[in-house]
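Beneath this line is the structure, given in structure tokens, with notes to follow.
The values are calculated or read from the model by the stated rules, or taken from the named source; none is laboratory data. Values in this document were obtained by computation on a predicted structure and should not be read as measured data. Heads up, the Cβs are rebuilt from the backbone with ideal geometry, glycines too, and the neighbour counts pull from every protein chain shown. Calculation scope for accessible area: heavy atoms of the full protein, side chains included, ligands and nucleic acids excluded. Shrake-Rupley method; radii C 1.70, N 1.55, O 1.52, S 1.80 Å.
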Amino acid sequence: NIAFAGFVAFSLDSVPSGVTLESARFQAGEFNLVGDPDHDLGMLVAQHVIYSALDADAYAAALLATTPAEVNVFRMPTEVGFVRTVTLTEFVQSDLTNRASRGDVTRARLRYATATDSGNDSDQVLLDLAQATLTVTYLAE
């Protein structure tokens, strides 16, 4: 079996310096579900990582020291299908604190807790990352 991961990156340059971050929520529509990955592979998780290119190094990148560095992504029903949603407030806060060294970008790797169930069937979720959003709420002083 082959393990897959998805990657997202969002610019933080529109968030002013010195604001109080209230929340950051990632959401992406699910446009295909193959097999039963949520049952067979456990929770889909978002992992706080830094990568410069989408290559093997990004797939193997170590988790950042953010607390927590890994959070569960939830599947929510809507009128037109399902969306995956996760709170990334700690990721974004860490990236804002370190914005110069991290290029003013927040990044996450999405993958299942278990890479493969070693079965002969495929288990995966395909997200519409072109329509993915990161909603950042902050208080300006």
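See the values below:
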item	result
Radius, Kirkwood style, for the chain when every pair of distinct Cα atoms is counted (Å)	15.9
Size of electric dipole in the chain: Cβ of Lys, Arg +1 and of Asp, Glu -1, about Cα centre, debye, nearest 20	340
Anisotropy class of the range 7-87 from Cα gyration tensor, a/c 1.5 cut	oblate
Accessible heavy-atom area order of 50, 2, highest first, probe of 1.4 Å	2, 50
Residue-normalised accessible area of the chain, given per residue in Å² at a 1.4 Å probe	56
The range 10-141: relative contact order as a whole-number percent, Cα under 8 Å and 6+ apart	48
Order by protection proxy (mean Cβ within 10 Å, highest first), peptides 108-117, 8-17	108-117, 8-17
Rounded to whole Hz, the Karplus (6.51, -1.76, 1.60) HN-Hα couplings of the range 102-117, x for glycine and proline	9, x, 6, 9, 10, 10, 8, 10, 10, 7, 7, 4, 10, 5, 8, 9
